[in-house]
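J.: I have a structure I would like to understand better, so I am pasting it below and will then ask my questions one at a time.
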Amino acid sequence: MNQVIETILSHRSIRKFKDKPLSEDIVTTLVKCAQSASTSSYQQVCTIIGIEDREKKEKLAELAGNQSYVADNGYFFVFCIDYNRHKIAAEMKETEIKETIESTEAFIVGSVDAALAAQNLSVAAESLGLGIVYIGGIRNSLKEVSDLLGCPEHVLPLFGVAVGYPDAEPGKKPRLPLPAVFHKDSYQSKEETKNLLTKYEKETSEYYTERTDGKRTEGWVTQITASMATPKRTYMNDFVQSKGLNRL
């Protein structure tokens, strides 16, 4: 065990921040940490848009489902798939890469690059005593978010990360049992999975019961089943393709 591992294992989402902005030095350091993440074939497909304008933060908070901590934090980062600069690079060399950019493989590469960069930034932030929370809610209204941030073709906002000085100490949610996510040599049987989920349902039900003084009692299985019963953001396939991505 070392400080890096302790920081990672202590992660929890923070949704209430002190009214204290991050310094320019900290913002720059966090972005450099994000840039240092692994990237597929040196493609560097992720772009980060830092939101400093108060009106834009408030609009993003509204578009993300009226989540106040999108506006009220130390700094807000939006992580994007970005093949725009690759298109410009190809034009500089008079090379056509349209088919590659529009492939599903490229979409996966861009999504993974953005996620890796964001996680580097998040761990770096937490190592400095800051708190973070990921914001997938910007995908509720991607066209509006894209227009607000001036994203050209081949640039797609994926999620945000709010960072700041914590003004809350939420409990740490129990994760799935290790055997449920770490399978050796082959995927585990359905019966093994059901047994693990039964135990996890009980553990998470007890967690929510204690955390909310009985106002919530559902476990993870109940919660996730209800959440996934109806597909969300079904407009996204058409919008992603309108941005010149994942067409093939």
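The values are calculated or read from the model by the stated rules, or taken from the named source; none is laboratory data. The structure displayed is predicted, hence computed values, not measured ones. A quick note on method: Cβ atoms are made from the backbone with ideal geometry, for glycine too, and the neighbour counts reach across all protein chains shown. Heavy atoms of the whole protein, side chains included, go into the accessibility calculation; ligands, DNA and RNA do not. Shrake-Rupley method; radii C 1.70, N 1.55, O 1.52, S 1.80 Å.
J.: Would you call Thr193 among the polar types (S, T, N, Q) and either touching a helix residue (DSSP H, G or I) at 6+ places or on another chain (Cβ under 6 Å) or open to solvent by less than 50 Å² (accessible area, probe 1.4 Å) (or both)? I'd like the intermediate steps shown before the answer.
T.: Numbers: among the polar types (S, T, N, Q): yes; either touching a helix residue (DSSP H, G or I) at 6+ places or on another chain (Cβ under 6 Å) or open to solvent by less than 50 Å² (accessible area, probe 1.4 Å) (or both): yes.
Answer is yes for this residue.
J.: A further question follows. Please find, among Ala125, Ala114, Ala168, Ala106, the residue that is at pLDDT below 95 and farther than 16 Å from Lys57 by Cβ.
T.: Working: Ala125 fails: at pLDDT below 95; Ala114 fails: at pLDDT below 95; Ala106 fails: at pLDDT below 95.
Just a single option satisfies the conditions, and that option is Ala168.
J.: Right, next: Being open to solvent by 10 Å² or more (accessible area, probe 1.4 Å), assigned to a loop (DSSP other than H, G, I, E, B) and under 30 Å from Lys199 (Cβ atoms): is that true of Pro152 here?
T.: Spelling it out, it is not the case that Pro152 is open to solvent by 10 Å² or more (accessible area, probe 1.4 Å), assigned to a loop (DSSP other than H, G, I, E, B) and under 30 Å from Lys199 (Cβ atoms).
J.: Between a residue in region 97-125 that is over 26 Å from Leu22 (Cα atoms) and any residue that is open to solvent by 60 Å² or more (accessible area, probe 1.4 Å) and outside any helix (DSSP H, G or I), which pairs come within a Cβ distance under 6 Å, given they are 6 or more apart or on different chains?
T.: Glu102/Arg247; Glu102/Leu248; Ser103/Leu248
J.: Also: Do we have Lys232 as under 30 Å from Glu58 (Cβ atoms), open to solvent by 90 Å² or more (accessible area, probe 1.4 Å) and in contact (Cβ under 8 Å) with a residue 60 or more places away in the chain here?
T.: Considered against the rule, which asks whether it is under 30 Å from Glu58 (Cβ atoms), open to solvent by 90 Å² or more (accessible area, probe 1.4 Å) and in contact (Cβ under 8 Å) with a residue 60 or more places away in the chain, Lys232 comes out as no.
J.: Could you list, ordered by first residue, the pairs with Cβ atoms under 8 Å in which the first is in region 184-211 and over 15 Å from Gln223 (Cβ atoms) and the second is open to solvent by 50 Å² or more (accessible area, probe 1.4 Å), at least 6 apart or interchain?
T.: Gln188/Pro179; Glu192/Pro179; Leu196/Leu176; Leu196/Pro179
J.: Given the criteria part of a strand (DSSP E or B) and either charged (D, E, K, R) or open to solvent by less than 30 Å² (accessible area, probe 1.4 Å) (or both), does Ala180 qualify? Talk me through it step by step, then tell me what you get.
T.: Numbers: part of a strand (DSSP E or B): no; either charged (D, E, K, R) or open to solvent by less than 30 Å² (accessible area, probe 1.4 Å) (or both): yes.
Against the criterion (part of a strand (DSSP E or B) and either charged (D, E, K, R) or open to solvent by less than 30 Å² (accessible area, probe 1.4 Å) (or both)), Ala180 does not qualify.
J.: Which of (1) among the aliphatic types (A, V, I, L, M); (2) touching a strand residue (DSSP E or B) at 6+ places or on another chain (Cβ under 9 Å); (3) open to solvent by 40 Å² or more (accessible area, probe 1.4 Å) is the odd one out, the single condition Val27 does not satisfy?
T.: For Val27, the failing item is (3).
J.: Can you tell me which residue in region 74-96 is most open to solvent (accessible area, probe 1.4 Å), limited to those that are more than 25 Å from Leu121 (Cβ to Cβ) and in contact with an Asp or Glu (Cβ under 9 Å, 6 or more places away or on another chain)?
T.: The extreme case among them is Lys87.
J.: When the residues of region 98-147 are narrowed to those that are among the aliphatic types (A, V, I, L, M) and assigned to a loop (DSSP other than H, G, I, E, B), which ends up surrounded by the most Cβ atoms within 10 Å (Cβ to Cβ)?
T.: Just the residues of region 98-147 that are among the aliphatic types (A, V, I, L, M), to begin with: 101, 106, 108-109, 112, 114-118, 121, 123-125, 128, 130, 132-133, 135, 138, 142, 145.
Next cut, assigned to a loop (DSSP other than H, G, I, E, B) only: 128, 130.
Details: Leu128: 13, Leu130: 21.
Here the answer is Leu130.
J.: Now for a different question. With the requirement that a residue be under 21 Å from the mean Cα position of the chain (by Cα) and β-branched (Val, Ile, Thr), what does region 202-224 give you?
T.: The answer is Ile224, and nothing else.
J.: Select from region 51-65 the residues that are within 17 Å of the chain's Cα centre (by Cα) and outside any helix (DSSP H, G or I) and list them in ascending order.
T.: Ile51, Ala64, Gly65
J.: Restricting to region 48-72, name every residue that is open to solvent by 30 Å² or more (accessible area, probe 1.4 Å) and within 21 Å of Val123 (Cα to Cα).
T.: Those that are open to solvent by 30 Å² or more (accessible area, probe 1.4 Å) and within 21 Å of Val123 (Cα to Cα): Ile48, Ile49, Gly50, Tyr69, Asp72.
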